[in-house]
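S.K.: Here you go, one structure.
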Amino acid sequence: MTARLQAAALPHLPLGVRRPAFSRSSLQCGIVHLGLGAFVRAHLAVFNDDALDSVGAAAGAAWGITGVSLRQPDTRDALAPQQSLYTLALRDGSGEALRVIGSVLEVLVAPEAPQAVLDRLAHAHTRIVSLTITEKAYASDAPGSAVALIVQGLALRQALGRPPVTLMSLDNLPANGRVLRARVLALAAQQGLPALVDWIATGCSFPCSMVDRIVPRTTDADRARISAGLGMQDAWPVIAEPFIDWVLEDRFVAGRPEWPGVRFVAAQDDVAAWERLKLRMVNGAHSALAYLGVTAGWATVDAAMAQPALHSFIDTLLRDEVEPTLRGVSVPPGYRERLLQRFANPALAHRCTQIAMDGSQKIAQRWLATLRERLAAGAPIAHLALALAGWLHFLRGHDEAGQRYAIEDPWADALQVLYGQAEAQPDAHARADHFTRFAPLFGDLAGEPRLVAALAPALHSLRERGVAATLAAFDPLSKEQQP
Ligand code: CS2
């Protein structure tokens, strides 16, 4: 197949493939997005295409997207010959729907052309700077990091007399907008720029958001299949589940598109309730099944969910230990059942190893907040403790068939030391106790007697009997642990 997906080829796409109804040539880039991975191309860019489709080119003209890759040139290299057009493939058991997305207009690669990124951030057309940079990136303000680029870009805006912008985090962190704001202001202050600190603090807004869509990494097989469906080659499509959700604090100092289907809320507290629901239910369950799945050799989320004992463990974890902590959140009816169906989607092949990445940066908001509240309420924690034991067990670096895997985590070295020290302890109780004393993560939970008491048998069973047998025996095990 020689023809490449590109603007001139759009009329030749098969009839069933949806394509932009708006004119791309009249669009300006009002949004600069840092971290142009698969997620944002299957989420923000899709909402943006919906907005542009529904309002028409004139009304939407301000809202094209400049994508910025913060590390690799691969996305830019693949999208440049396609004028940044790419396909979104929504997949579930009933098939695949293809749609070409058009609101991304250009891709910059920050390490190659940092000045071009700063110029975009400072450009008169730019009104929103959005981010999907992953949890760990919020800890970095090194030169070239997203936070550093933002501070430099905003300094240039201020120097050029351009108006402030909205900085919109779309990462899976509680109070993501507040976290971003704090990081940006701290770096500007550290650089001795009080006037910039003031300009940002008084002029820019940092809305909080909750985003939800499962977007597995695209594979060569996806690329080949999607290209066949298009009748032309797309080198950089994305695949996703049909489900999509976005809750957004409506604080935009320089306007925003009319994104259809977004739940706009007025107060940060309202977003916080949705974030809690999503991080604890969707992401909490995801991480729990990913670590158990990797160790057991269940490669994908749907393969893990096809194990009745794992399915029932996740269901019970959510129902008995997570949902009771969601007071103040009006959980939509059927939320858990639907979530379990999303995980069971047989067409995504979402790899457990992908979700297992960066555990040290994820589990605080996914499990530990829930765990702390349960402990404070004197409520059982056996399921959360097994999830946590699953992560600690996963740190041994090989599955039950002896296959080695890498621990991809910014704290990998420290975690390896921790694991080695725990292994040197005389028994499971001492091992559990040692793990909880890893201060950067567990803090005040160090040596917490009920946590240690629940963690020890779970660690012991995972190591001695394996994941499947531990899950199969889990109900009796958890009853033994009740006070
Ligand atoms: C996943 C998320 O990789 C992970 O850690 O839990 O990317 C998850 O798929 C999304 O947050 C779903 O909205």
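Condition check ((1) buried (at least 21 other Cβ atoms within 10 Å of the Cβ); (2) within 16 Å of the ligand (Cβ to nearest atom)) across all residues:
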| site | (1), (2) |
| --- | --- |
| L170 | yes, yes |
| L196 | yes, no |
| T202 | no, no |
| S227 | no, no |
| G231 | no, no |
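S.K.: Considering S26, S54, S84, which residue is buried (at least 24 other Cβ atoms within 10 Å of the Cβ) and either over 19 Å from the mean Cα position of the chain (by Cα) or not in a loop (DSSP other than H, G, I, E, B) (or both)?
M.R.: On the way: S26 fails: buried (at least 24 other Cβ atoms within 10 Å of the Cβ); S54 fails: buried (at least 24 other Cβ atoms within 10 Å of the Cβ).
Matching residue, one of S26, S54, S84: S84.
S.K.: What about P257, is it more than 19 Å from F343 (Cα to Cα), of a type outside the set (S, T, N, Q) and touching a residue at least 24 places away in the same chain (Cβ under 8 Å)?
M.R.: On the way: more than 19 Å from F343 (Cα to Cα): yes; of a type outside the set (S, T, N, Q): yes; touching a residue at least 24 places away in the same chain (Cβ under 8 Å): yes.
Considered against the rule, which asks whether it is more than 19 Å from F343 (Cα to Cα), of a type outside the set (S, T, N, Q) and touching a residue at least 24 places away in the same chain (Cβ under 8 Å), P257 comes out as yes.
S.K.: Of all residues being touching a Lys or Arg at 6+ places or on another chain (Cβ under 7 Å) and more than 13 Å from the ligand (Cβ to nearest atom) in region 324-365, which is farthest from A446 (Cα to Cα)? Just the residue, please.
M.R.: Residue satisfying both the conditions and the ranking: A347.
S.K.: Those residues that are within 16 Å of the ligand (Cβ to nearest atom) and touching a Lys or Arg at 6+ places or on another chain (Cβ under 8 Å), I need them from region 257-281; list them, please.
M.R.: Filtering region 257-281 down to residues within 16 Å of the ligand (Cβ to nearest atom) leaves 261-263, 271, 274-281.
The answer is W274, L279, R280, M281.
S.K.: Just to be sure, is G67 closer than 30 Å to A3 by Cβ, more than 23 Å from the chain's Cα centre (by Cα) and surrounded by 17 or more Cβ atoms within 10 Å (Cβ to Cβ)?
M.R.: Answer is no for this residue.
S.K.: On the basis of being among the aromatic types (F, W, Y), in contact with a helix residue (DSSP H, G or I) (Cβ under 7 Å, 6 or more places away or on another chain) and in contact (Cβ under 8 Å) with a residue 24 or more places away in the chain, does F243 make the cut?
M.R.: Details: among the aromatic types (F, W, Y): yes; in contact with a helix residue (DSSP H, G or I) (Cβ under 7 Å, 6 or more places away or on another chain): yes; in contact (Cβ under 8 Å) with a residue 24 or more places away in the chain: yes.
Here the answer is yes, as F243 does meet what is asked.
S.K.: Sticking with this structure for a sec: Among the β-branched types (V, I, T), closer than 16 Å to I214 by Cα and either in contact (Cβ under 8 Å) with a residue 24 or more places away in the chain or crowded, with 18+ Cβ neighbours inside 10 Å (or both): does that describe T316? Full working, then the answer.
M.R.: Details: among the β-branched types (V, I, T): yes; closer than 16 Å to I214 by Cα: no; either in contact (Cβ under 8 Å) with a residue 24 or more places away in the chain or crowded, with 18+ Cβ neighbours inside 10 Å (or both): yes.
In short, no.
Conditions tested, residue by residue: (1) out of contact with any Ser or Thr (no Cβ under 7 Å at 6 or more places or on another chain); (2) of a type in the set (D, E, K, R); (3) free of Cβ contacts under 8 Å to residues at least 12 places away in the same chain.
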{"site": "G56", "(1), (2), (3)": "yes, no, no"}
{"site": "A61", "(1), (2), (3)": "no, no, no"}
{"site": "L79", "(1), (2), (3)": "yes, no, no"}
{"site": "L131", "(1), (2), (3)": "no, no, no"}
{"site": "K136", "(1), (2), (3)": "yes, yes, no"}
{"site": "G153", "(1), (2), (3)": "yes, no, no"}
{"site": "R157", "(1), (2), (3)": "yes, yes, no"}
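S.K.: Now a separate question. Among the residues of region 120-151, what is the count of those that are in a helix (DSSP H, G or I) and within 16 Å of the ligand (Cβ to nearest atom)? Before the answer, list the steps.
M.R.: Of the residues in region 120-151, the ones in a helix (DSSP H, G or I) are 120-122, 135-139, 146-151.
Checking which are within 16 Å of the ligand (Cβ to nearest atom) leaves us with 135-138.
Here the count works out to 4.
S.K.: Also, I was wondering about something else. Collect the residues in region 375-397 that are within 12 Å of F435 (Cα to Cα) and part of a loop (DSSP other than H, G, I, E, B), keeping them in residue-number order.
M.R.: Within region 375-397, just L395 meets the criteria.
S.K.: If Q482 satisfies all but one of (1) at pLDDT 95 or above; (2) out of contact with any strand residue (DSSP E or B) (no Cβ under 7 Å at 6 or more places or on another chain); (3) not β-branched (V, I, T), what's the number of the condition it fails?
M.R.: Of the numbered conditions (1) at pLDDT 95 or above; (2) out of contact with any strand residue (DSSP E or B) (no Cβ under 7 Å at 6 or more places or on another chain); (3) not β-branched (V, I, T), the odd one out for Q482 is (1).
S.K.: Okay, moving on. Identify the single condition in (1) over 18 Å from T166 (Cα atoms); (2) more than 16 Å from the ligand (Cβ to nearest atom); (3) surrounded by fewer than 19 Cβ atoms within 10 Å (Cβ to Cβ) that R217 does not satisfy, given that it satisfies every other one.
M.R.: In the conditions (1) over 18 Å from T166 (Cα atoms); (2) more than 16 Å from the ligand (Cβ to nearest atom); (3) surrounded by fewer than 19 Cβ atoms within 10 Å (Cβ to Cβ), R217 misses (2) alone.
S.K.: Determine the pairs where a residue that is of a type in the set (S, T, N, Q), located within region 270-282, has a partner that is in a helix (DSSP H, G or I) and within 12 Å of the ligand (Cβ to nearest atom) with Cβ atoms under 9 Å apart, the partner being 6 or more residues away or on another chain.
M.R.: From residues that are of a type in the set (S, T, N, Q), there are no pairs.
S.K.: Additional query: Please verify whether region 398-413 includes one or more residues that are surrounded by fewer than 18 Cβ atoms within 10 Å (Cβ to Cβ) and assigned to a helix (DSSP H, G or I).
M.R.: So far as region 398-413 goes, yes, one or more of its residues are surrounded by fewer than 18 Cβ atoms within 10 Å (Cβ to Cβ) and assigned to a helix (DSSP H, G or I).
The values are calculated or read from the model by the stated rules, or taken from the named source; none is laboratory data. All values reported here derive from a predicted model rather than from experimental measurement. Don't worry about glycine lacking a Cβ; one is built from the backbone with ideal geometry, like all the others, and counts go over all protein chains shown.
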